[in-house]
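Before any comments, here is the structure.
Here, each number is a calculation from the coordinates, and none is a lab measurement. This structure is a prediction, so every number in the text was calculated from the model and none was measured. Glycine also receives a Cβ, built like all others from the backbone with ideal geometry; neighbour counts cover every protein chain displayed.
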């Protein structure tokens, strides 16, 4: 017999959860103490809960398994919600362990008392549970892991009253068996096979597991056999890219361009992807991005085997055994001179190490990243699935813990970085091989575009001031050094290249602050609002030409 | 006629809300644009939502009026929840403005879509509303302000769909009238008057508005007339202290000492304070701190006039017109030599400027602050009302915005500071006169005590590692400079005194990192768990002697 906390830890390990991202408080002290009896559980301390939850997301993206988080009551969960939102949208498994007051303490409404379950439903709509005894706790833990694993993967939240942790009388619970996900129904395969027939203007919109190496290869076999086109969702959970992989373009973020990109299809087949919709709504603009009259079918239902279903479809359409047209090596030349955001993307494309993991939260500064890294060595891209900024650095932490033998590159925007910058400390503490590039343009640049997209024409000083990060300027090299991460500033492409090479060659974390203009590609960002108005109203060939030029 | 956002801003101004702490995104762009038409609204940009919500809390504590926050959908609210929890526990008014997708966009379940209202209920259980048209928005805004003002003050959350902001056809709504809070019932006054009669061992437990200068003076008049004792709640929203005020001790944070402190009473009268309970529960220890057989009465019900009720009680017990025994000037001598946490508190007591506002989140390092500042010039103390750390720096921002003519001192612990360190950037941007002292002991020191209090006897390396912040060490001077705040490190009392004097004399923000041992008062913190065990079991005179010695 063991304490509830000891039995919970053993249950997590038996269920395949061996990593925990923590920011504990008093109500979690028995869980912390039980770490001494469970040396197989790696506990990674963070200074802020959003780092812990984002790291669990990154870990799950790279392993397919949940990490646990350890959070302190309602406020600790609150601090973790933004990145749990991204994890929920990523469809990855995460098991939150949220400590609560002892059951007999609740009636005193002590200062830290709050309605944890209600807050948790924002990110864990399907599975929130509060066992009230030590005996119940391990079983609930095993169920939390199963619920998180799905499929589909989800965020499960286990609220743990302190007395359920500290009381004796608990036994580890066995893992909960999960069903093997089935492939898509035969009827669905038949329908989709008709849609992708040669001559039909069909797009396969790939998301989720369809963007794995295996998924992409099966999808490309289908495209080879039928002429259907492949297109990827805007913000993939994890996308296999680079040499030897099928190269697939993502739908542009901006709805105006996305509409143009999708206009060529009469049929759209969703493969583990949502029906394409505008990220935000804009006055007078439709949110739905599906062209008028275009049919939409889903190949897989939630919980079905995406890769298996793609393979089955490939066989059904008589595809050849292997895909054609895989990406060949093709790196950009190293640029020179003063940095721009595009040059940063070129330097990354030129130097990216093999099997790198890119955590991409570069926002406006990263628009040209896909084109410049398409022909880089094989790598994985992790994107901002839920649109909640502050994700990139924590996801990089989790990816580095998950894959200690792979280099991790975090591409960060200045504004986004400041939400969860505490991730740098954990990188230093755990000696993670993460290279952080901060593209510092001293503004919330995307909002300058959005202000005009939502219909605001004449922006005054007071409004513009809300998007400006230049007063005072943020010095990311000082911030990094303050958390134990060596850091340098780069204002030229040459310095950036030299420092990136050094960072990739040395173990442990490094930060390079890349100083870029706030209108990074000159014409491009400044001209964007005007171009978007033209694209909205122009005949299709003109709109397509502008879109090809700009994204 | 105006857009919904314009009419909402005018409504807020008409209702007395003229300050807004912001971290906007696309769905808030019309609100941002409307700032140009509402120059009376001060918009203070923050880099993280927890800074915005904590600043609104600090602002409300000092003005008695709500500030608005401007937050971006569910994740933005999530990032703000921890400090909204503290604001809820402080009983102060806050009006959250949370942007949401346009009403017609919700059905597309775009990436940032989530259940905002549910998450908001964690901190706004009484008032969450989502108007769906521009015409409804201003009226809902006026009601939000009234709901926030109460009394009692509370967090009201107004969810604003983007189209309700951008649509035309709205008119500003008039302020919602609020009732004047009544004084306590005559029956209650009569009952309490009997409890405080001379010879009864009665404690008046003061909280909320009872800790204002006026409240304290009325309470002291009652004590003078009846022999009742005054004691203050553990973590006051705002407490008037220093020369010329009645000096009142707070109940100790640690339940063991609190029980001893309260054991002397046969009657306890709650004055805008909760029934005293242990902050956390501990195995085998009762949560209730009220002595066995002690009666408990509340002088005021929620929404009643605390200061007026105290004055009425003073009159009823025949108190003299003015209080006696007001605090006289009595500052500690400036200490010398290597810093300890107690020496930091002594330096603060020796140098605190007149009318300072102290935002206290020094945790274990601040235990001796009350004794060393009791005889300082008049000042206000703002404490960690909800126990959710990361409050001190944001509250200092809000207090400085509220009171531009008063010096603000933020006493911070290293662990707590790292939750919302982004507050430093707003201090620099707004040139706020805030002096930040970080007491850096390189650990979550309180948790070393709590580990043992919850009954963990033999702590191993893996558990201890979860409480350690020394690897890598945090360099707060680098972190501060990275956000534009001048900073120095102090390892001796002399340097700290010199740098504090300089910081108080110069305008704008300053940070001093005070390097202190992790067992700050040597004997005291290390011996604490043992002392607590003795206090739990010892006869009362011994327990009282230890308590007097230690808190």
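For the protein assembly as shown, DSSP calls about 15 percent of its internal beta bridges antiparallel.
Rounded to the nearest angstrom and listed largest first, the equivalent-ellipsoid semi-axes of segment B:1-156 from its Cα gyration tensor are 21, 18, 15. Contact order, relative form, for segment A:392-526: 29 percent (alpha carbon pairs under 8 Å, 6 or more residues apart, mean separation divided by residue count).
Send over the Kirkwood Rh of the protein assembly as shown, from the inverse of the averaged 1/r over different Cα pairs, rounded to one decimal Å.
On the way: mean 1/r = 0.0331 Å⁻¹.
Result for the protein assembly as shown stands at 30.2 Å.
Against chain B, whose longest principal axis is taken from its Cα atoms, helix B:306-316 shows a tilt of about 40°. Distances between copies at residue B:377, taken between label points 7 Å from Cα along the C-beta direction, are 6.5 nm in increasing order.
Take every Cα-Cα pair in segment A:134-247 and report what % of them are more than 21 Å apart. Can you show the working numbers first?
Values: 3711 of 6441 pairs.
Here the long-distance tail beyond 21 Å is 58 percent of all Cα pairs in segment A:134-247.
Listed peptides B:531-541, A:49-59, A:150-160, B:391-401 appear in the order A:49-59, B:391-401, A:150-160, B:531-541 once ranked by packing, highest mean of other Cβ atoms within 10 Å at the front. Given R0 = 60 Å, the distance between the Cβ atoms of residue B:316 and residue B:431 translates into a calculated FRET efficiency of 0.75.
For residue B:288 and residue A:1, a Förster radius of 25 Å and the Cβ-Cβ distance give a FRET efficiency of 0.25, rounded to the nearest 0.05.
Taking 0.36 nm per residue of sequence separation and subtracting the Cα-Cα distance, how much length would be gained by fully extending the chain between residue B:296 and residue B:355, in nm to one decimal?
Values: separation 59, 0.36 × 59 = 21.24 nm, distance 3.49 nm.
Gain in length upon complete extension: 17.8 nm.
Please state the relative contact order of chain A as a whole percent: Cα pairs under 8 Å, 6+ residues apart? Please list the in-between numbers first.
Values: 1301 pairs, mean separation 76.8, N = 551.
Taking the mean separation of contacting Cα pairs over the length of chain A, I get 14 percent.
Comparing segment B:369-472 with the 2.2 N^0.38 Å rule of thumb, its C-alpha radius of gyration ratio is 1.28 (two decimals).
I'd like to compare B:243-253, A:435-445, B:176-186: which one has the highest average count of other Cβ atoms within 10 Å, and what's the full order after that?
On the way: B:243-253: 19.3, A:435-445: 25.1, B:176-186: 13.5.
Listed from highest to lowest mean packing, they are A:435-445, B:243-253, B:176-186.
For B:453-462, what's the mean count of beta carbons from other chains sitting within 10 Å of each residue's beta carbon?
Working: counts 2, 11, 5, 9, 1, 2, 4, 5, 2, 11.
The per-residue average across the peptide is 5.
With a ≥ b ≥ c the root eigenvalues of the C-alpha gyration tensor of segment A:459-508, is it rounded (a/c under 1.5), prolate (a/b larger than b/c) or oblate? In terms of gyration-tensor shape, prolate.
By the gyration tensor of its Cα atoms, with a ≥ b ≥ c the square roots of the eigenvalues, what is the shape of segment A:194-297: rounded for a/c under 1.5, prolate for a/b over b/c, or oblate?
Cα axes put segment A:194-297 in the oblate bin.
What is the percent of Cα-Cα separations in chain B that go past 45 Å? Provide the component values of the computation, followed by the final result.
Working: 24499 of 151525 pairs.
For chain B, the fraction of Cα-Cα distances above 45 Å is 16 percent.
Per residue of B:463-476, count partner chain C-beta atoms within 10 Å of its C-beta, then hand back the mean as an integer. Don't skip to the answer; put the middle values down first.
Working: counts 11, 4, 6, 14, 4, 2, 4, 1, 7, 11, 5, 6, 6, 1.
Mean partner shielding for this stretch: 6.
Counting Cβ atoms of other protein chains within 10 Å of each Cβ in B:33-45 and taking the mean gives 4. How far is helix A:523-537 tilted, in degrees, relative to the longest principal axis of the Cα atoms in chain A, given as a value from 0 to 90 rounded to the nearest 10? In chain A, helix A:523-537 runs at an angle near 80 degrees to the longest axis.
Extension gain residue B:333-residue B:13, at 0.36 nm per residue separation less the Cα-Cα distance, in nm?
Stretched fully, the residue B:333-residue B:13 segment lengthens by 110.5 nm.
The angle separating the long axis of helix A:392-402 from the principal Cα axis of greatest extent in chain A is about 60 degrees. The same position residue A:199 in the other copies lies at 10.9 nm from this copy, comparing label points 7 Å beyond Cα toward the beta-carbon, shortest first. Apply the a/c threshold of 1.5 to the C-alpha gyration tensor of segment B:1-59 and tell me whether it is rounded, prolate or oblate. Oblate.
Maximal additional length on extending the residue A:501-residue A:136 stretch stands at 126.2 nm, based on 0.36 nm per residue less the C-alpha distance.
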